[in-house]
Amino acid sequence: MQTHVIIVAAGRGSRAGGDIPKQWQILRGKPVLAHTLAAFAGWPVTLVIHPDDRARAEALFPGLPLVPGGATRSDSVRAALEQLAESGVTRVLIHDGARPLVSRALIARLSAALDRGPAAAPALAVTDALWRGAAGRVTGTQPRDGLFRAQTPQAFHLAQILAAHRAHGGAAADDVEIARAAGLDVQIVEGEEDNLKLTWPGDFARAEAILKGRDVDIRLGNGYDVHAFTEGDHVWLCGVKIAHTRALLGHSDADVGMHALTDAIYGALAMGDIGRHFPPSDPQWKGAASEIFLRHAVALAGAKGYRISNCDVTLVCERPKIGPHAAAMQSALAAIMGLDPDRISVKATTSERLGFTGREEGIAALATATLVQP
């Protein structure tokens, strides 16, 4: 059971404006057709083009099978179907090249529907009131019950839709019309509002906004740090000074929790660690407050267009006990990072008396940070 995708892009699309057909116009940095083809990545595709566009298509999509379109959309689809007639393909998805926002979920729904019948197509129920009009005035109304807005891709068993096209021989609004003329039962599957067809100039702005909403860059970073105990009477942990029988040894104030968190942010940005930005060989950082490092990492994330969604710090030690100070640590980190406290987690665990933390030779910390753009 082999499925093939036919993308129809032979029209001129004059209503969309512009100097070139709409399917070749630039949408968020690349041609509309490039977005459409990307939606079907991994599927075998045949692209139906206007003969005048062959050089452009070959340059942009080298190796992609191309079929010259006909005088009507129906002619173009039939030409592609005829190419597949002896190929062993059993199913086809026929899609408008000017619908660049089709989702993989919609494609999956159509594929599943073809297991139950010879044809399926996506649609959305009409929810607006419908009028008839002439000369700029309302001349009547139309009940909307049972009316749907048709979309593509439209899915068919190849042998039946090819036979339907051969028998039809004329123009049609879409392939469902031709299928129904041949007596095929066409299932309606749920369409998607975002699966718009670019028709008017304003449609490009809407598509840009949808694509921008999809382009969310989420990054995760992990940090790990260890500091040994030395003589002293307090430790700094996640921005809070805690009285203790020993201190932590380090070039700065040795705030092991804040160091791990700082490294998590640098890691999410793929920008190294604290040592790259604040070398321990530089005497100016001797005894420095670790919030300097954390503020730098947060500012760097902001400068690169990221916001910190949340972070989680785990302190590993036998003593001091972290629970009584966790809320203060959460508040201290929130103030330094400019975040709501409920986006920051601080917790602790022991190593069950195992290893260097179990022997109370030092404290370890692990941290995770989530960065989001935009």
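The values are calculated or read from the model by the stated rules, or taken from the named source; none is laboratory data. Given the structure is predicted, the values throughout are model-derived calculations rather than measurements. Virtual Cβ from ideal backbone geometry, glycine too; neighbours counted across all protein chains shown.
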Within the stretch 172-189, residues being surrounded by fewer than 17 Cβ atoms within 10 Å (Cβ to Cβ) and either touching a Phe, Trp or Tyr at 6+ places or on another chain (Cβ under 8 Å) or of a type in the set (Phe, Trp, Tyr) (or both) number 1
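Would you call Leu37 in the same structural domain as Ile178 (by TED's automatic domain parsing), in contact with an Asp or Glu (Cβ under 8 Å, 6 or more places away or on another chain) and either at pLDDT 95 or above or surrounded by 16 or more Cβ atoms within 10 Å (Cβ to Cβ) (or both)? I'd like the intermediate steps shown before the answer.
Details: in the same structural domain as Ile178 (by TED's automatic domain parsing): yes; in contact with an Asp or Glu (Cβ under 8 Å, 6 or more places away or on another chain): no; either at pLDDT 95 or above or surrounded by 16 or more Cβ atoms within 10 Å (Cβ to Cβ) (or both): yes.
So Leu37 fails the test.
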Report yes if Ser345 is among the small types (Gly, Ala, Ser), buried (at least 16 other Cβ atoms within 10 Å of the Cβ), part of a strand (DSSP E or B) and assigned by TED's automatic domain parsing to the domain that holds Gly272, otherwise no. yes
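Just to be sure I understand, how many residues within the stretch 100-144 are of a type in the set (Lys, Arg), touching a strand residue (DSSP E or B) at 6+ places or on another chain (Cβ under 9 Å) and either exposed (fewer than 11 other Cβ atoms within 10 Å of the Cβ) or closer than 14 Å to Glu192 by Cβ (or both)?
So the count comes out to 3.
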So is Ala57 under 30 Å from Asp185 (Cβ atoms), surrounded by fewer than 22 Cβ atoms within 10 Å (Cβ to Cβ) and in the same structural domain as Thr152 (by TED's automatic domain parsing) or not? no
Selection from the stretch 301-325 of residues modelled with pLDDT under 95 and either hydrophobic (A, V, I, L, M, F, W, C) or outside the structural domain of Asp233 (by TED's automatic domain parsing) (or both) yields Ala301, Ala303
Having 3 or more residues that are assigned by TED's automatic domain parsing to the domain that holds Gly13, among the aliphatic types (A, V, I, L, M) and under 14 Å from Gln187 (Cβ atoms) is the bar; report the strands (runs of 3 or more DSSP E) wholly within the stretch 73-154 that clear it. 119-125
Limited to the stretch 336-355, what total is found for residues that are touching a residue at least 12 places away in the same chain (Cβ under 8 Å) and either closer than 10 Å to Cys317 by Cβ or among the hydrophobic types (A, V, I, L, M, F, W, C) (or both)? 9
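In the list Ala260, Ala270, which residue meets the criterion of being within 16 Å of Tyr224 (Cα to Cα), aliphatic (A, V, I, L, M) and surrounded by fewer than 15 Cβ atoms within 10 Å (Cβ to Cβ)? Can you show your working first?
Numbers: Ala260 fails: surrounded by fewer than 15 Cβ atoms within 10 Å (Cβ to Cβ).
The conditions single out Ala270.
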Selection from the stretch 7-21 of residues at pLDDT 95 or above and out of contact with any Ser or Thr (no Cβ under 7 Å at 6 or more places or on another chain) yields Ala9
Output the number of the condition that Thr46 fails; it satisfies all remaining conditions of (1) at pLDDT 95 or above; (2) in a loop (DSSP other than H, G, I, E, B). (2)
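Of these, Arg214, Arg219, Arg166, which one is of a type in the set (Lys, Arg) and closer than 21 Å to Leu101 by Cα?
Values: Arg219 fails: closer than 21 Å to Leu101 by Cα; Arg166 fails: closer than 21 Å to Leu101 by Cα.
Step by step, each of Arg214, Arg219, Arg166 is checked, and only Arg214 is of a type in the set (Lys, Arg) and closer than 21 Å to Leu101 by Cα.
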Failed item, numbered, when Val8 is tested on (1) farther than 26 Å from Leu211 by Cβ; (2) in contact (Cβ under 8 Å) with a residue 40 or more places away in the chain; (3) among the hydrophobic types (A, V, I, L, M, F, W, C): (1)
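Residues that are among the polar types (S, T, N, Q), out of contact with any Asp or Glu (no Cβ under 9 Å at 6 or more places or on another chain) and either outside any helix (DSSP H, G or I) or not assigned by TED's automatic domain parsing to the domain that holds Lys241 (or both): does the stretch 326-342 have at least one? Walk me through it before giving the result.
Step one: filter the stretch 326-342 for residues among the polar types (S, T, N, Q), giving 330-331.
Those left that are additionally out of contact with any Asp or Glu (no Cβ under 9 Å at 6 or more places or on another chain): 331.
This time we only want the ones that are either outside any helix (DSSP H, G or I) or not assigned by TED's automatic domain parsing to the domain that holds Lys241 (or both), so: none.
No, the conditions are met nowhere in the stretch 326-342.
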Looking at the stretch 13-22 only, could you name the residues that are under 18 Å from Asp174 (Cβ atoms) and not in a helix (DSSP H, G or I)? Gly13
For Val235: the one exception among (1) out of contact with any strand residue (DSSP E or B) (no Cβ under 9 Å at 6 or more places or on another chain); (2) closer than 30 Å to His325 by Cα; (3) among the aliphatic types (A, V, I, L, M): (1)
For residues that are of a type in the set (A, V, I, L, M) and within 22 Å of Phe40 (Cβ to Cβ), scanning just the stretch 190-215, find the one that is surrounded by the most Cβ atoms within 10 Å (Cβ to Cβ). Leu198
